[in-house]
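Enquirer: This is the structure I want to talk about, given as structure tokens.
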Amino acid sequence: MVEPQSKQTLLSIKPRKEINQSRNLYLQWRIAELFSSIFSCLGIVSATADYEYSFSIDRSHSNCAENVEQVYRWLTFILTLIAMYFLILRHYIKSKWNNKRELNIKSNDHRRFRRRIKSMFSKGLMFEILILSIFPYPYLVGHVRVNQPLVADNNGYNDNSIELCYNISEFLYVFMYARLWFLLRALFNFTPYQDDHARYYCGKTGTKANVRFSIRCMMKTHPFIIIYCFSCPSFFLLGIFLRVFERPFSDVSGQNFASYQNAVWNCAITMATVGYGDLFPTTVFGRMVGVLCTMWGAFVFSMIVFTFQSLLELGTRQSEAFKAIKETRAAARVITACLLYSVYKKNFGAESVKARIQMKKVEIRLNKYKTTMKNLKKLDNGGEEESPIHKLQILSKQVQNIELKINQLMDGYGK
């Protein structure tokens with residue numbers, strides 16, 4: 001027969017063991033996701049080397065000549081397979097971790113297994129595998145011809161449009177940059193808003209501790225770092241897209257988009273809505289990239305303005321201090337003017353020039369005080385207008401308070 005104390009010890013050891021297993025699964029899940037993102041990005045590096053090497057010096061708008069080097073494509077293929085392995089492992093460990101966290105004791109092992117399989121082969125996993133499956137495959141040779149409209153005076157071409165040749169591998173190479181989402185997701189999984197402590201409180205409040213939650217929290221704590229990390233890499237990323245689509249058309253457009261610096265420069269001035277006009281996209285896909293640059297630049301700069309506005313706004317206590325400073329200073333000016341008027345009235349008489357001038361100053365400062373209180377009230381109400389009756393009531397109370405203070409000061413001065 002088991003003693004009660006030993007039973008309590010066994011019951012305390014079991015939850016502790018389950019917690020340790022859950023933490024180990026969570027750590028394994030994050031590591032698998034990190035390795036999946038690393039090998040996905042290494043595939044982009046290999047595909048970049050393949051693109052640069054395969055671009056022939058004989059390439060023109062009508063000639064899709066390329067020097068295909070199968071070594072880089074096989075390397076991209078192998079790196080993609082490794083990334084897929086870690087991606088599937090990531091989903092398997094995550095489903096196992098989620099099942100470990102569930103406290104559904106009545107469910108049998110068969111139902112748990114079916115639920116785990118269903119969560120493993122979800123739509124999200126299929127979509128992510130599809131993203132990884134799009135890349136320049138070994139021995140893939142083919143091209144696409146696009147009808148390209150011409151602008152005025154394109155190096156002597158008299159037709160309104162010509163056919164522009166692209167290799168299929170170039171489109172697949174551009175699409176490969178969608179893999180950067182895996183890297184972004186893996187990096188945000190290692191923020192303080194994705195650990196056990198954060199997930200515990202997110203679970204208590206009914207909030208999902210996902211990538212969007214981490215980005216929002218980072219925007220609250222480090223807004224300029226997030227804006228910088230999203231805006232600066234976009235110059236270089238969109239510059240790559242623009243260079244790929246504009247480079248074959250350089251012999252017709254006369255613009256040197258073979259230079260990566262020129263492509264990045266064009267994206268930078270487009271995002272900044274400057275547009276010097278020294279370089280501009282002329283191909284159909286290049287113009288699409290230009291429109292994307294404009295939209296993304298407007299979004300980034302609006303975020304910068306919003307962040308500056310949030311930083312310049314007063315907090316609750318700061319707003320209270322600001323209102324107290326403005327109110328007391330305006331009231332002090334009115335009281336000072338009233339005291340001077342009483343002195344001039346006593347010494348020189350109410351009909352004297354000094355007393356009359358001082359009385360006008362009292363009226364001016366009293367009106368300024370009323371205006372100050374009105375503006376402060378608008379700040380409290382968020383700029384909303386109040387009814388005239390309510391305004392009159394507030395104003396009468398303020399005038400009564402000022403008169404009471406003046407009478408108290410006059411009584412003290414008379415004594």
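The values are calculated or read from the model by the stated rules, or taken from the named source; none is laboratory data. Owing to the predicted nature of the structure, the values given are computational and were not obtained by experimental measurement. Ideal geometry is used to build each Cβ from the backbone, glycine not excepted, and the neighbour counts take in all protein chains shown.
Enquirer: C232 fails exactly one of the following numbered conditions: (1) of a type outside the set (S, T, N, Q); (2) in a helix (DSSP H, G or I); (3) buried (at least 18 other Cβ atoms within 10 Å of the Cβ). What is the number of that condition?
Expert: So C232 meets the others, but not (3).
Enquirer: Kindly indicate which of I240, I304 is assigned to a helix (DSSP H, G or I) and either at pLDDT 90 or above or not hydrophobic (A, V, I, L, M, F, W, C) (or both).
Expert: After applying the criteria, what remains is I240.
Enquirer: Still on this structure: Of all residues in segment 278-292, which are hydrophobic (A, V, I, L, M, F, W, C) and within 28 Å of the chain's Cα centre (by Cα)?
Expert: F280, F285, M288, V289, V291, L292, listed by residue number.
Enquirer: Only one residue in M219, M176 is farther than 17 Å from S37 by Cα and aliphatic (A, V, I, L, M). Which one?
Expert: Of the residues listed, the single one that is farther than 17 Å from S37 by Cα and aliphatic (A, V, I, L, M) is M219.
Enquirer: Any idea which of (1) assigned to a helix (DSSP H, G or I); (2) at pLDDT 70 or above is the one L409 doesn't satisfy?
Expert: It fails just one condition, (2).
Enquirer: Taking the condition in contact with a Gly (Cβ under 7 Å, 6 or more places away or on another chain), closer than 20 Å to Y177 by Cβ, at pLDDT 90 or above and not aliphatic (A, V, I, L, M), does F245 pass?
Expert: It is true that F245 is in contact with a Gly (Cβ under 7 Å, 6 or more places away or on another chain), closer than 20 Å to Y177 by Cβ, at pLDDT 90 or above and not aliphatic (A, V, I, L, M).
Enquirer: Identify, please: which residue in segment 210-226 is under 18 Å from S302 (Cβ atoms) and β-branched (V, I, T) and is, among those, surrounded by the most Cβ atoms within 10 Å (Cβ to Cβ)?
Expert: Of everything passing the filter in segment 210-226, I226 is surrounded by the most Cβ atoms within 10 Å (Cβ to Cβ).
Enquirer: Next up: Taking the residues in segment 46-86 that are farther than 30 Å from Q148 by Cα, β-branched (V, I, T) and surrounded by fewer than 15 Cβ atoms within 10 Å (Cβ to Cβ) as candidates, determine which candidate is farthest from the chain's Cα centre (by Cα).
Expert: Checking each candidate, the answer is V71.
Enquirer: Considering segment 26-82 alone, what residues qualify as being part of a helix (DSSP H, G or I) and of a type in the set (F, W, Y)?
Expert: Y26, W29, F35, F39, Y51, Y53, Y72, W74, F77
Enquirer: I've got another one for you. With respect to S119, determine if the residue is in a loop (DSSP other than H, G, I, E, B), modelled with pLDDT under 85 and farther than 30 Å from S253 by Cα.
Expert: no
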